[in-house]
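Presented below is the structure to which this report refers.
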């Protein structure tokens, strides 16, 4: 089993300064990992600064769609790679660099395929369009594959996904407190993240 924590907060659309501030707020709340998406402004700069500032923290890259980007984030010291899709070449490159591979999939066929390609965890996305009943049904025949639920995960839905057997959740920071993120109210982000963690644990 991987060492991926139960909640990975997704940092999408934030500039490098805000990525650092947001991560500090999330760490204070007890969040175990963050994902910086590569379609964010200056994402590689954000990753470099974040990893150098918190070298022991679990930082990964998201929305990774090319082998070139896998190489770039590996050189910066990222611990894991998430993709919106399943690509054998990306998974192989990720594993060759010693990173956790978390490709995206949706159907049972895609999930099994990602696992057979070497994924450590398979991201099921977008979960909010189908709900936890779908995850529970998928888990019945594929119970050996750790799943990360992602997409529109409110605390209520996140708790239900964990109850359905998911290994982890990918949660957009805006779902914690969109206003606080927009206004850079980082203490409020800490409170929202702490509340989210409490609520998903029931």
Top-ranked residue in the range 102-114 [being crowded, with 21+ Cβ neighbours inside 10 Å and not in a loop (DSSP other than H, G, I, E, B); ranked as nearest to the chain's Cα centre (by Cα)]: 102
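Matching residues to (1) under 18 Å from residue 146 (Cβ atoms); (2) touching a strand residue (DSSP E or B) at 6+ places or on another chain (Cβ under 9 Å):
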site: 4; (1), (2): yes, yes
site: 21; (1), (2): no, no
site: 39; (1), (2): no, yes
site: 52; (1), (2): no, no
site: 56; (1), (2): no, no
site: 77; (1), (2): no, yes
site: 82; (1), (2): yes, yes
site: 93; (1), (2): no, yes
Residue within the range 93-101 that is surrounded by fewer than 22 Cβ atoms within 10 Å (Cβ to Cβ), within 21 Å of residue 39 (Cβ to Cβ), in contact with a helix residue (DSSP H, G or I) (Cβ under 9 Å, 6 or more places away or on another chain) and touching a residue at least 60 places away in the same chain (Cβ under 8 Å) present: yes
Single unsatisfied condition, residue 197 versus (1) free of Cβ contacts under 8 Å to residues at least 60 places away in the same chain; (2) over 14 Å from residue 85 (Cα atoms); (3) under 19 Å from the mean Cα position of the chain (by Cα): (1)
Residue within the range 3-23 that is under 26 Å from residue 158 (Cβ atoms), modelled with pLDDT under 95 and either surrounded by fewer than 16 Cβ atoms within 10 Å (Cβ to Cβ) or in contact with a helix residue (DSSP H, G or I) (Cβ under 6 Å, 6 or more places away or on another chain) (or both) present: yes
Tally of residues being over 28 Å from residue 109 (Cα atoms), surrounded by 18 or more Cβ atoms within 10 Å (Cβ to Cβ), out of contact with any helix residue (DSSP H, G or I) (no Cβ under 7 Å at 6 or more places or on another chain) and in contact (Cβ under 8 Å) with a residue 24 or more places away in the chain across the range 34-89: 2
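The values are calculated or read from the model by the stated rules, or taken from the named source; none is laboratory data. All figures in this text were calculated on a predicted structure; none of them were measured in a lab. Here Cβ is always computed from backbone atoms with ideal geometry, including for glycine, and neighbour counts include all displayed protein chains.
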